[in-house]
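Structure first, then comments.
The values are calculated or read from the model by the stated rules, or taken from the named source; none is laboratory data. Treat the numbers as computed from the prediction; the structure is a model and nothing was measured. All Cβ positions, glycine included, derive from the backbone under ideal geometry; neighbour counts span all protein chains shown.
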Amino acid sequence: MTDTLTQSPASRDILGTYKRAPMRFVRGSGVELFDEDNKAYLDLASGIAVNALGYGDAGIAKTIESVVSSGLIHVSNLYRTEAGETLAKFLVDNSFASQVFFCNSGAEANEGAFKFARRWGRAVGSDAKTGIIALRGSFHGRLFASLAATDRPSYRAPFRPLAGGVSICERDEAELDVALDGESVAAVIVEPVQGEGGVRVIEPQLMSFLRRVTEERGIALIFDEIQCGLGRLGTFMAYERTGVTPDMVTMAKPLAGGLPMGAILVAQEIADTIKPGDHGTTFGGGPLVASVANHVVQRIAEPAFLQAIRENSEWMSERLSSIVRKSYRVRAVRGMGYMWGIDVVDPASEVVQRGWDEGLLVITAGDHTLRLLPPLVIERSDLERGLSILERIIG
């Protein structure tokens with residue numbers, strides 16, 4: 001399949017930053033995608049945790065039609081719109097935050113959070129309080145500051161020098177205790193569940209340690225919930241599963257139902273230090289994306305919706321554990337909610353390609369780790385169907 005991919009005419013016209021699968025999708029319905037031959041693929045990847053409501057959601061379609069018919073797709077952030085203000089209020093009312101900044105992607109959200117942390121650090125400390133700490137195994141984006149906070153040497157090396165003042169520390173209390181110097185560090189950023197880093201749940205005791213130390217030393221705690229937030233762990237916000245409340249949360253992927261949108265949720269103390277002109281975005285939080293996001297977040301926040309995810313997650317945990325017990329080709333399973341990593345003996349990319357043949361879409365999170373990120377609307381019967389195929393292709 002790789003040879004077919006590299007010789008594809010389309011691949012010569014699109015810059016080769018991705019090794020794209022050979023099939024070309026033409027439509028989607030529910031939790032399935034269909035290629036040009038009308039072959040169905042059960043999607044347990046959700047466009048990398050983006051398509052929370054699956055494909056063909058009636059509410060998203062109706063919302064887009066309404067906004068397009070109004071003619072108000074974009075006005076810039078020089079002016080007010082009802083959609084953006086309504087969305088901001090909903091996010092504030094359903095989180096710790098006092099204010100929200102909208103942008104266009106997860107990487108932009110993290111870059112913005114770093115800027116806000118440094119602005120706040122200087123306001124409450126000194127010009128030396130600028131450091132950003134990330135954890136081993138992290139992935140926070142591919143822009144210069146977010147890439148500096150991403151623990152992928154192969155991603156980083158071709159683009160050095162990266163943004164300065166950003167360090168990566170082991171997930172170890174002793175090392176972090178030394179690194180988290182309140183005089184020089186403005187913030188530490190953490191994914192409650194590391195996605196690209198192998199679907200690794202950060203231990204509750206480490207989360208509690210980070211919250212205690214950052215509060216004591218006047219350091220902002222940022223949660224990157226771009227992949228693990230907005231319902232994926234069975235709660236509206238991922239931090240609700242940790243027992244820890246951060247000072248900022250970054251979000252993106254599912255926020256606008258597949259349209260490009262990110263957000264930074266900011267606590268009052270940090271928001272108070274941000275002034276007009278400190279940051280900006282032309283497209284962020286525009287009427288179209290904000291209108292769709294209003295529909296998405298209201299759906300996800302419904303108690304029954306989240307309860308179904310938690311119940312199915314418990315079932316998935318048991319089902320995946322049974323696969324581990326039965327197959328010597330599976331080394332370990334870990335995760336929560338609708339976010340699971342499966343360590344396999346074979347190269348993960350080979351298992352992914354076997355899935356294509358069987359009409360199943362899964363993705364990787366490392367050379368030997370499969371990643372499952374099903375749409376949040378998936379029903380248990382489809383989960384069982386997908387895991388049965390997965391068990392077969394793992395061998």
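Of the strands (runs of 3 or more DSSP E) entirely within the stretch 116-220, those holding at least 3 residues that are among the aliphatic types (A, V, I, L, M) occupy 131-135, 185-190.
Can you tell me which residues in the stretch 164-199 are hydrophobic (A, V, I, L, M, F, W, C) and either outside the structural domain of Glu215 (by TED's automatic domain parsing) or free of Cβ contacts under 8 Å to residues at least 40 places away in the same chain (or both)? Those that are hydrophobic (A, V, I, L, M, F, W, C) and either outside the structural domain of Glu215 (by TED's automatic domain parsing) or free of Cβ contacts under 8 Å to residues at least 40 places away in the same chain (or both): Ile168, Cys169, Ala174, Val178. At pLDDT 95 or above, in a helix (DSSP H, G or I) and under 16 Å from Cys103 (Cβ atoms): does that describe Ala290? It is true that Ala290 is at pLDDT 95 or above, in a helix (DSSP H, G or I) and under 16 Å from Cys103 (Cβ atoms). Could you grab me the full set of residues in the stretch 214-237 that are more than 11 Å from the chain's Cα centre (by Cα), among the polar types (S, T, N, Q) and either crowded, with 24+ Cβ neighbours inside 10 Å or under 21 Å from Gln268 (Cα atoms) (or both)? Across the stretch 214-237, the qualifying residue is only Thr214.
Among the residues making up the stretch 187-236, none is in contact with a His (Cβ under 6 Å, 6 or more places away or on another chain) and polar (S, T, N, Q).
Being surrounded by fewer than 22 Cβ atoms within 10 Å (Cβ to Cβ), under 28 Å from Phe90 (Cα atoms) and under 19 Å from the mean Cα position of the chain (by Cα), is that true of even one residue in the stretch 312-332? Scanning the stretch 312-332, I find at least one residue that is surrounded by fewer than 22 Cβ atoms within 10 Å (Cβ to Cβ), under 28 Å from Phe90 (Cα atoms) and under 19 Å from the mean Cα position of the chain (by Cα), so the answer is yes.
If you check Leu53, Leu87, which single one turns out to be in a loop (DSSP other than H, G, I, E, B), modelled with pLDDT of 95 or more, buried (at least 19 other Cβ atoms within 10 Å of the Cβ) and aliphatic (A, V, I, L, M)?
On inspection, the qualifying residue turns out to be Leu53.
Among the conditions (1) part of a loop (DSSP other than H, G, I, E, B); (2) crowded, with 20+ Cβ neighbours inside 10 Å, Ile270 misses just one, which is (1). Restricted to the stretch 238-267, and to residues there that are assigned to a loop (DSSP other than H, G, I, E, B) and of a type in the set (S, T, N, Q), the residue that is surrounded by the fewest Cβ atoms within 10 Å (Cβ to Cβ) is Thr245. When the stretch 340-363 is filtered for residues that are under 14 Å from Val330 (Cα atoms), in contact with a helix residue (DSSP H, G or I) (Cβ under 8 Å, 6 or more places away or on another chain) and buried (at least 18 other Cβ atoms within 10 Å of the Cβ), the ones remaining, listed by number, are Trp340, Ile342, Val344, Val351.
In the set Arg331, Arg310, Arg385, Arg299, which member is in a helix (DSSP H, G or I), modelled with pLDDT of 95 or more and in contact with a helix residue (DSSP H, G or I) (Cβ under 9 Å, 6 or more places away or on another chain)? Talk me through it step by step, then tell me what you get.
Numbers: Arg331 fails: in a helix (DSSP H, G or I); Arg310 fails: in contact with a helix residue (DSSP H, G or I) (Cβ under 9 Å, 6 or more places away or on another chain); Arg385 fails: in contact with a helix residue (DSSP H, G or I) (Cβ under 9 Å, 6 or more places away or on another chain).
Step by step, each of Arg331, Arg310, Arg385, Arg299 is checked, and only Arg299 is in a helix (DSSP H, G or I), modelled with pLDDT of 95 or more and in contact with a helix residue (DSSP H, G or I) (Cβ under 9 Å, 6 or more places away or on another chain).
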